[in-house]
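The values are calculated or read from the model by the stated rules, or taken from the named source; none is laboratory data. Everything quoted here is computed from the prediction, not taken from an experiment. Note: ideal-geometry Cβ built from the backbone for every residue, glycine included; neighbour counts use all protein chains shown. The protein model used for the area step is the full one, side chains on, heavy atoms only, and it has no ligands, DNA or RNA in it. Shrake-Rupley method; radii C 1.70, N 1.55, O 1.52, S 1.80 Å.
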Amino acid sequence: MGQNFKVILGIFLIVGLVFGFIQGSQEKEKALSPKEQMFKSLLDKGVYIETYMITDGREAKKAFFIEDIDIPDDDRILYVSFRMLGSDRGLDRDIDDYLNAVREIVYQNLDVDSDLDGIIVFRNDPNRISKELTFIYSNRSYAEELRDQNLTVRTWYNRMHHINVESSKFISDDKSRDIILSALLKTGMKINGVMITNGEDIKTKFNLNDTELLNDSKVAFIAFEPSGNETMEIVRAYIDIIFTAFSVDPSIDVVMATNAGPSNRSYRTSLVYSDRDTVERLMGGNRSAVEIFNEFKMGNIVIGPG
């Protein structure tokens, strides 16, 4: 069960398959179960449940790489991932909404299912790309102990167990390639190929002299054909590719893109690339396409016999 749970978990984390309760207007008269009432109550507060999975302590420790928290192997553990709806009212307000959502999810689930021994909660936030994922865990007795202490929500949250896991542990190279390729194809761009490799391999392969590109960096190399020959069309294509790849795959450290269109018959072309820190900084500003493009790094490479 452990391997299957981890595979399913990885799919839910990245693809964002939805498990939740949305009550249609035609079903309003239908009696709701306690669990459905809980989902509806959370949804009314802007908390959208995406994933709802139950496993045991042994498999939870394997799936989330937990080594420093004592969880009995036979504990019944619930994993919940959620999204915040309409969380665009300022950073402080958004944080408060998030903290309250975590507390609501913990206690509502413990109250609804008396057989639960513990719960793991994760916020899936497509607006924040992060290399490290934070999961919140508590067993029942500790959560009940904190509930009786009349703590502020921030103090309560800080006293929860925080499980920090590198996103790359959930995403294999094959999964990264599939995720990025699927997202790019949905934009309508012509993608010739996506390769997942590391910094050392890419520097050797293309004779790239960049001391800031770490050897163990996880790199997505993307070859594409622009839809036109206008300079701004090509500039925007590079930006869209780099931003999209980072947005859909939090395990990637560097995204590289190259124009492999028919105009490059000599196989010599420009390589445009960026690291995650740069893209996160650029995403938060009001820069023009040219200003963004100028923040990227460039190199000349040979992608075939030339």
**Message:** 5 Å is the cut-off here: which amide hydrogens, built 1.01 Å from N in the peptide plane, fall below it relative to Phe206, excluding neighbours closer than 5 in sequence?
**Reply:** none
**Request:** For the range 48-89, state which trypsin sites (Lys or Arg not before Pro) are in a DSSP loop and have at most 16 other beta carbons lying within 10 Å of their beta carbon.
**Result:** Arg89
**Loop-located chymotrypsin sites (Phe, Trp or Tyr not before Pro) in the range 192-282 whose Cβ has at most 15 other Cβ within 10 Å (DSSP)** = Tyr267
**Complete:** Counting only residues 5 or more apart in sequence or on a different chain, those whose built amide H sits under 5 Å from that of Met256 are Ala220, Phe221, Ile222
**Prompt:** Which of the GluC sites (Glu not before Pro) found in the range 35-116 are in a DSSP loop and have at most 14 neighbouring Cβ atoms, other than their own, within 10 Å?
**Reply:** Glu67
**Rounded accessible area of Phe82 (nearest 10 Å², 1.4 Å probe)** = 0
**Asked** Can you give the accessible area per residue of the range 149-306, in Å², using a 1.4 Å probe?
**Response** 52
**Message:** Pairs of alpha-carbon atoms within less than 8 angstrom and 6+ residues apart define the contacts here; what relative contact order does the range 159-225 have, in percent?
**Reply:** 33
**Message:** Ranking request for peptides 184-191, 134-141: highest mean number of other beta-carbon atoms within 10 Å first, then the rest in descending order.
**Reply:** 134-141, 184-191
